[in-house]
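Report on one structure; see the data block that follows.
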Amino acid sequence: MDLWIFNTPAAPATARLAYGPEEQQFGDLRLPPGEGSFPVIIVIHGGFWRARFGLDFMGHFAQALTDLGFATWNIEYRRIGQPGGAYPGTLLDAGLAGDHLRKIAPQYKLDLQRVLAIGHSAGGHLSFWLAGRPQIADTDQLYTPDPLKLLGAISLAGVTNLRRGFDLKVGGGVVEQLLGGGPDQFPERYYGASPSELLPLGVPQVLIHGEADDTVPFTISQEYFNKADLLGDPIKLVSLPGAGHFEVVDPKSKEWAVIVENALDLSRSGNTKSNINIKEEAKPGEAAEGT
């Protein structure tokens, strides 16, 4: 596929905001036209939690969602190979970035009752982990006493089960690098850091995954769905025949309409009085114009 998202600059964000004192603790906020309150999507990039990839390549993805009427918060976080990256910093940063919406909501007119998280690959793991934070035990290093509650979460080819990711050696064994070892060495880290261990999350979740993905195997999403469904979570699995790993984050791909449909459905499930104006349709590539 055409990986234009990696070499074409996205439209500038409304604001780049720090959510913490460290160099990588910032995010790009994009606001749609209008007075608000705006539904929010936390956008979380992938790259196997490694320093090589940053948030820039998700700029087009975030802008396309903003064009539909969402405020988007495209977050950066400390990654493997950077000071403070890997466990626990990578996960704590994602949580800190999510909770930062409380601080900026009044100024930017954000609807905190309608916050979704959408992440790709490693970001898919972090998006579901954000949704599952209320399930983390107060004895866990990743515990936060009052995490921002999400309306729902979408994983795009995400590593939502870290134990399976370890077993399958995704990313050349990157899960071991993220958590500092295997599940036999650090079982408590796998319990607190893996969405599959936190089930049931208690919020709607959507897994979208290409069946031809050779980077993160489709079976990870299938197995997560089976477990979540068995435990009674509101869960949906969307398989994309013939799609690989990056089509799901390309607003010009034919798969883009699937992401839009599910984001709209989750956002509409919130019962708020927000003054929002979300476009009803998005043909493949349509929302990408001007990004």
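Summary table below
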{"quantity": "Residues that are assigned to a loop (DSSP other than H, G, I, E, B) and either farther than 23 Å from M58 by Cβ or in contact (Cβ under 8 Å) with a residue 40 or more places away in the chain (or both), drawn from the range 243-266", "calculated": "G244, H245, F246, D250, P251, K252, S253, E255"}
{"quantity": "Of all residues making up the range 148-165, the number that are out of contact with any Ser or Thr (no Cβ under 8 Å at 6 or more places or on another chain), surrounded by 17 or more Cβ atoms within 10 Å (Cβ to Cβ) and more than 14 Å from I41 (Cβ to Cβ)", "calculated": "1"}
{"quantity": "Qualifying residue in the range 171-181 (condition: over 20 Å from L92 (Cβ atoms), out of contact with any Cys (no Cβ under 6 Å at 6 or more places or on another chain) and buried (at least 23 other Cβ atoms within 10 Å of the Cβ))", "calculated": "no"}
{"quantity": "Of all residues in the range 100-122 being out of contact with any helix residue (DSSP H, G or I) (no Cβ under 7 Å at 6 or more places or on another chain) and small (G, A, S), the one that is farthest from E255 (Cα to Cα)", "calculated": "A105"}
{"quantity": "Unique match (being assigned to a loop (DSSP other than H, G, I, E, B), out of contact with any helix residue (DSSP H, G or I) (no Cβ under 7 Å at 6 or more places or on another chain), touching a residue at least 40 places away in the same chain (Cβ under 8 Å) and hydrophobic (A, V, I, L, M, F, W, C)) among A131, A137, A97", "calculated": "A137"}
{"quantity": "Elements of type strands (runs of 3 or more DSSP E) in the range 1-51, at least 2 residues being in contact (Cβ under 8 Å) with a residue 40 or more places away in the chain and surrounded by 23 or more Cβ atoms within 10 Å (Cβ to Cβ)", "calculated": "26-30, 38-44"}
{"quantity": "Residue in the range 218-235 that is touching a His at 6+ places or on another chain (Cβ under 6 Å) and not charged (D, E, K, R) present", "calculated": "yes"}
{"quantity": "Those residues of the range 204-225 which are in contact (Cβ under 8 Å) with a residue 40 or more places away in the chain and within 18 Å of V258 (Cα to Cα), in sequence order", "calculated": "P204, Q205, V206, L207, I208, H209, G210, D213, S221"}
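Read-outs throughout are calculated quantities, based only on the coordinates presented, and are distinct from any laboratory measurement. It should be emphasised that the depicted structure is a prediction, and the values quoted were computed from it without experimental measurement. All Cβ positions, even for glycine, are placed from backbone atoms using ideal geometry, and neighbour counts span all protein chains on display.
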